Amino acid sequence: MRVPFSFYVIGIILMSGCSNLSVLDSKGTAADSELKLLYLSIALMVIVLLVVFSLFIRFLIKYRERPGQENDFPTQIEGNKKLETTWIVLPFVILFILAVPTFATTYQLDNKAESMDEPLVINVTGKQFSWVFYYPEFEITLENEVKLPVDRPVIFNLHSEDVIHSFWIPQLAGKKDVLPHKENQLTLTPLETGTYDGKCAEFCGASHAFMTFETTVVEQETFKQWTNVADKQED
Amino acid sequence: MKALLDYFTSLPSDILLADVSFIIIAVIICYLLTKHSKWEWLWGWITSTDHKKIGIIYLLVSFLFFIRAGIEALLIRMQLAFPNNDFWVFQGDRFNQLTSTHGTVMIFLVATPLLIGLMNVIVPLQIGARDVAFPFMNSLSLWLFISGGILINVSFVAGGSPNAGWTSYAPLALNDYTPGPGNNYYPIGLQVAGLGTIMGGINFIVTILKMRAPGMRFMRMPLSTWAMFITSILIVYAFSALAVALLLLTFERLFGTVILTGGEGNPIIWQHLFWIFGHPEVYIIALPAFGIFSDVISTFSKRKLFGYPSMVFAIILIGFLGFMVWVHHMFTVGLSTNITIFFALTTMLIAVPTGIKIFNWLFTMRGGRIRFDTPMLYALGFIFTFVIGGVTGVMLSVVPADYQYHDSYFVVAHLHYVIIGATIFGVFSGVYYWWPKMFGKFLNEKLGKWNFWTFGIGFHFTFFPMHIMGLMGMPRRVFTYPEGEGLGFLNFISTCGAFLMGAGVLFFMINIYITTRSTQKNTLRDPWFSRGRTLEWTIPSPPPPYNFARLPLVKSREPLWEAYENGYKNIDFIGEYEDIHMPNSTSLPFFMGIGFLIASFGFVFEIWVIAIMGMAVVFLLMGIRSFQHKSGIHIPKEVVMAEDKGAED
Amino acid sequence: METTDPKHLYDTQQAQMNILAFWFLIGAEVVVFGCLFGIYLAVKSFTGDGPGPEELFKLNEIMVSTVILLSSSFTCALAIYFLNLTKKAWTLLFFLITIVLGLGFIGLEIREFTLYVGEGASISTSAFLGAFYMLLGTHGVHVLFGVTWIALLLVQLWLRGINQETAPKLFIASLYWHFIDVVWVMIFTVVYLIGKV
């Protein structure tokens, strides 16, 4: 049972690239850099899994008690300094490979807003159980849907009216909590047009499951037209 | 009468069902106790200060809670089996009550006390002690745990369950958003249970520091004992942080402070306090399991534990680092990048001592003669499961990737791999391993294997798909999901797996029933192929109330194995037989538990008279206890001698 | 049991274990107060519409409480000194003074709180005040518990004399008392002095 199962594990990981796994199908800059690290960590961890499981299976088969060995007691050893040092040092190497890009990307993601060129600012208000998007630039308000132009950097200023929510568009960027006492920022640049699901990822009450919104990324031209039309409608 | 009837007919069907089954079970239990005239026997257990009996009650009660929270898990999985599903009453708020109490009960009232119970039985036996340092406090810990447990467990039929998640984040858990008594149960019930746990932790620390048998140096202690020692230190410091968090929540809900509100305060304070407790808690429930596995793997591979000093070192390091990683639960909160990076680093570092342990276990098996009895099966299942849970843990420490995993089903998968993989597998392993010691009978091996394979396979079918659901963008704690996102199939598999796990637990219960009914007695001292290693296998099964008729003399790390190697039948016991002093049994802890229960109901419903009355009972009993002469009872030398001789034959 | 040899008052295994256990309990209490201080410092500036520390605190009166509690620690230490000499009457006397001082401290604290509430600074006025009352209240309850505990032990001391059963209990209670005092010094510094400056 054990052997086929570990193959099943690896199989699923390999297979996962081609089904509708939104996190692995990134269409935004933030999600892109997160995905790169995700793949790096999976690759490193698959190496770990392979090493551990092959030793595990080998030892189980080789050293199992065979019939007639019930009263057979092997020699006892305390340990082995060399081996033990090996598995203290090796994890450090793996962690180092993982840690450096992790730290670099974290700084880069957290400090994006300053370096942005002409960003589109959107003020997002989360409340039980809906999202309100306000474009200060055009004075447009949308509820439970947000429209973005492709290839233009976006800054979401996140704020909550009541409890804590979390803002998540899996294909564009990872989560950022939406807090009642403090404003958070999430930055990203959508790279492809299309419609993406957005959701609340922090448990926020009875209808938490329904606190979703739709993100539409359109061509810059289309976006400009839309802002003009929407502006007029507001007036 | 009519009003009462109206009230009952107005209840939702699930609560009605629970009420009715409560009553039926209570009546049946009373009937059986009366019929077999067992009330006195029951009272004997309730008032006992024997660490073995207390441990067994711990195990029994937390197993009952396990069944309850397990049924909740099944209901959760039923609701999530299909997209847009409407199962029974469990949508929206009722679903949130299910997940909240499932998590709360499983962590606080199942995982923690199951291990504490098992260690209560085993640690004194492993260090050659006749009891724990504070038998009275041990009993008090038990009854505080039961009081707190009862509170959390009856909440859903008395005023509504907590529904703000097992983490009970503010401001959702404050009066403005979740009014009523439901969320009062959470801080108050856990406060009572947590107080008991802190006492238990102190008790273990002092027991292990002060009551080891002659010659049992620190570096000769079995790994289970080592693990429980470090765990106890974690308990004392982590649970006191929880106590403050719960006190704060109580103040917010009952006394109107505004520290955690969104407007005037800062709700993140709760998250910090909760996780300063919460992450060490993960190690509190993992380390004892690591200890159990170390003993089990060594015994069933017939090999000395590989690298004992580095195993001990790893436990200490994990315990130490465990206090410095809490922010990895809060990466998406928007704290400063430097803080985030620091905690990512410490989180990654924990992989090192954990890796040491995994490889040492593997190399313990190498060169051995591995037997596949049920305890060992669970230990092997643990290695397989925990390694998967461990690597997803490292993946979660990668901050940017965590922005994607966080609060998604990926995390649900990870935490169940770690907690079930370590704690529940560990408890099963330990229970099968030490059952003959506790009760003098083997659990049925055949049923044990059925138990393991159904539970283990069911486990992977339930939780492996959750990794993928997380990557498909399914947030945790949602009670439904739309069609067309491809989530239906995986969720359905997961639900099927959950029922297979349920079947596994049923096999376990059948096993206990059959074993308890059977008259087969195993009076063997050392039942597992007569090759035990540690002190608990040097005394009769079940052990006499005083455990050791004469104190053992420990000359090495594995005294019993050493004795066998040198051709002896048992280790050396030193000294003469003497009168043994044992503590009295006492009913005070039980009544103190009741006092706390009354007071807690007063607090939950904000009826201050009842709260004050309950606390008065508690303090009165404490006063009485202070004035009691702790004389205890003496077991005469002759009785001890006779029993010891009887056991030898 | 009835030995009164001062050298062996704390020699029993149980006494040793009790004292050790108590040190760990104090460790837990350090975490408790540490967290409470943390909460207080985190929300200190969140005064909302209510008064801040500068307007609220009256240092002179707090100095009185501080002196009272510190001298109670001194009398407590004296009591233990006489306990170790097995001088029952002196032990009783100094513990009684300790209790009285403790009660005086509680009285002053209650008065202080009533004054504040009268000035419109109640527990729900602001996050700062909530944290203040929680920290001070927890400490006050500890003092109250200590007073009651020592009183009960004094009854035992009076009835049973100084022996291997009563002496370790009183010693532990004195540890507890000193600990509460140390916490007060912290409160005085962190809450009152720094709040005022």
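The values are calculated or read from the model by the stated rules, or taken from the named source; none is laboratory data. All of these numbers come straight from a predicted model, not from anything done at the bench. Please note: Cβ atoms are built from the backbone with ideal geometry, for glycine as well, and neighbour counts cover all protein chains shown. Note: areas computed on protein heavy atoms with side chains; ligands, DNA, RNA excluded. Shrake-Rupley method; radii C 1.70, N 1.55, O 1.52, S 1.80 Å.
The table that follows gives values for the structure above.
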read-out: Any chance B:ALA227 is part of a helix (DSSP H, G or I) and over 18 Å from B:GLY117 (Cβ atoms); value: no
read-out: Residues located in the stretch B:474-484, provided they are at the interface with chain A (Cβ under 7 Å from one of its Cβ atoms) and touching a strand residue (DSSP E or B) at 6+ places or on another chain (Cβ under 8 Å); value: B:PRO475
read-out: Any hit, the stretch B:547-564, residues being in a helix (DSSP H, G or I), assigned by TED's automatic domain parsing to the domain that holds B:LEU246 and touching a Phe, Trp or Tyr at 6+ places or on another chain (Cβ under 8 Å); value: yes
read-out: Some residue of the stretch B:604-623 being surrounded by fewer than 18 Cβ atoms within 10 Å (Cβ to Cβ), in contact with a His (Cβ under 8 Å, 6 or more places away or on another chain) and more than 14 Å from chain C (Cβ to nearest Cβ); value: no
read-out: Filtered residue count, the stretch B:272-301, keeping only those that are buried (at least 24 other Cβ atoms within 10 Å of the Cβ) and within 14 Å of chain A (Cβ to nearest Cβ); value: 8
read-out: Test: residue in the stretch B:147-163 that is open to solvent by less than 10 Å² (accessible area, probe 1.4 Å), within 14 Å of chain A (Cβ to nearest Cβ) and part of a loop (DSSP other than H, G, I, E, B); value: yes
read-out: Filter result for B:GLY567 (within 14 Å of chain A (Cβ to nearest Cβ), farther than 25 Å from B:PHE384 by Cα and not hydrophobic (A, V, I, L, M, F, W, C)); value: yes
read-out: Selection count where residues are assigned to a helix (DSSP H, G or I) and crowded, with 20+ Cβ neighbours inside 10 Å, scope the stretch C:154-170; value: 6
read-out: Residue count, the stretch B:330-340 (criterion: open to solvent by 10 Å² or more (accessible area, probe 1.4 Å) and either at pLDDT 95 or above or among the hydroxyl-bearing types (Ser, Thr, Tyr) (or both)); value: 2
read-out: Leading residue by the ranking (nearest to the chain's Cα centre (by Cα)) among those in the stretch C:49-70 that are buried (at least 18 other Cβ atoms within 10 Å of the Cβ) and among the small types (Gly, Ala, Ser); value: C:SER65
read-out: Where B:VAL427 falls short, out of the listed (1) under 23 Å from the mean Cα position of the chain (by Cα); (2) open to solvent by 20 Å² or more (accessible area, probe 1.4 Å); (3) aliphatic (A, V, I, L, M); value: (2)
read-out: Qualifying residue in the stretch B:210-222 (condition: crowded, with 24+ Cβ neighbours inside 10 Å and part of a helix (DSSP H, G or I)); value: no
read-out: Near pairs, Cβ below 7 angstrom, 6+ apart or cross-chain, from the stretch B:326-345 (more than 9 Å from chain A (Cβ to nearest Cβ) and among the β-branched types (Val, Ile, Thr)) to any residue that is open to solvent by 20 Å² or more (accessible area, probe 1.4 Å) and in a loop (DSSP other than H, G, I, E, B); value: B:VAL327/B:LEU335
read-out: Sole residue being more than 25 Å from B:ARG557 (Cβ to Cβ), facing chain B (nearest Cβ under 9 Å) and free of Cβ contacts under 8 Å to residues at least 12 places away in the same chain, chosen from A:PRO67, A:PRO101, A:PRO91; value: A:PRO91
read-out: Condition broken by B:VAL20, with the remaining ones in (1) open to solvent by less than 60 Å² (accessible area, probe 1.4 Å); (2) among the aliphatic types (A, V, I, L, M); (3) over 27 Å from B:GLY117 (Cβ atoms) satisfied; value: (1)
read-out: Residue pairs meeting the criteria (Cβ under 8 Å; at least 6 apart or on separate chains; first at the interface with chain A (Cβ under 7 Å from one of its Cβ atoms), in the stretch B:349-362; second among the aromatic types (Phe, Trp, Tyr)); value: B:VAL352/A:PHE92; B:GLY355/A:TRP87; B:ILE356/A:TRP87; B:ILE356/B:PHE313; B:ILE358/B:PHE386; B:PHE359/A:TRP87; B:LEU362/A:PHE56; B:LEU362/A:PHE59
read-out: The stretch C:32-48, residues that are among the aromatic types (Phe, Trp, Tyr) and not in a loop (DSSP other than H, G, I, E, B); value: C:PHE33, C:PHE37, C:TYR40
read-out: Wholly enclosed helices (runs of 4 or more DSSP H) of the stretch B:588-649 bearing at least 2 residues among the aromatic types (Phe, Trp, Tyr), under 30 Å from C:PRO168 (Cβ atoms) and touching a helix residue (DSSP H, G or I) at 6+ places or on another chain (Cβ under 9 Å); value: B:588-604, B:608-627
read-out: Selected residue [in contact with a helix residue (DSSP H, G or I) (Cβ under 6 Å, 6 or more places away or on another chain), more than 7 Å from every other protein chain (Cβ to nearest Cβ) and surrounded by 24 or more Cβ atoms within 10 Å (Cβ to Cβ)] from B:GLY421, B:GLY389; value: B:GLY421
read-out: Residue count for the stretch A:104-148, restricted to those that are β-branched (Val, Ile, Thr), in the same structural domain as A:GLU214 (by TED's automatic domain parsing) and free of Cβ contacts under 8 Å to residues at least 24 places away in the same chain; value: 2
read-out: Residue in the stretch C:19-32 that is in contact with a Leu (Cβ under 8 Å, 6 or more places away or on another chain), in contact (Cβ under 8 Å) with a residue 24 or more places away in the chain, surrounded by 20 or more Cβ atoms within 10 Å (Cβ to Cβ) and aliphatic (A, V, I, L, M) present; value: no
read-out: Matching residues in the stretch C:71-85 - criterion: being surrounded by fewer than 16 Cβ atoms within 10 Å (Cβ to Cβ) and either aliphatic (A, V, I, L, M) or part of a loop (DSSP other than H, G, I, E, B) (or both); value: C:ALA77, C:LEU85
read-out: Of all residues in the stretch B:440-452 being part of a helix (DSSP H, G or I) and in contact (Cβ under 8 Å) with a residue 12 or more places away in the chain, the one that is farthest from B:ARG517 (Cα to Cα); value: B:PHE452
read-out: Residue in the stretch B:384-396 that is over 26 Å from B:ILE292 (Cβ atoms) and assigned by TED's automatic domain parsing to the domain that holds B:ALA69 present; value: yes
read-out: Neighbours by Cβ (under 9 Å, 6+ apart or cross-chain): first from the stretch C:45-73, within 14 Å of chain B (Cβ to nearest Cβ) and without any contact (Cβ under 8 Å) to a residue 24 or more places away in the chain; second open to solvent by less than 40 Å² (accessible area, probe 1.4 Å) and in a helix (DSSP H, G or I); value: none
read-out: So B:SER541, is it in a loop (DSSP other than H, G, I, E, B) and in contact with a Pro (Cβ under 9 Å, 6 or more places away or on another chain); value: yes
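Okay, residues lined up against (1) buried (at least 18 other Cβ atoms within 10 Å of the Cβ); (2) small (Gly, Ala, Ser); (3) not assigned by TED's automatic domain parsing to the domain that holds B:LEU380:
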residue: B:GLY456; (1), (2), (3): yes, yes, no
residue: B:ILE468; (1), (2), (3): yes, no, no
residue: B:PRO475; (1), (2), (3): yes, no, no
residue: B:GLU485; (1), (2), (3): no, no, no
residue: B:PHE499; (1), (2), (3): no, no, no
residue: B:GLY504; (1), (2), (3): yes, yes, no
residue: B:GLN520; (1), (2), (3): no, no, no
residue: B:ASP526; (1), (2), (3): yes, no, no
residue: B:TRP537; (1), (2), (3): yes, no, no
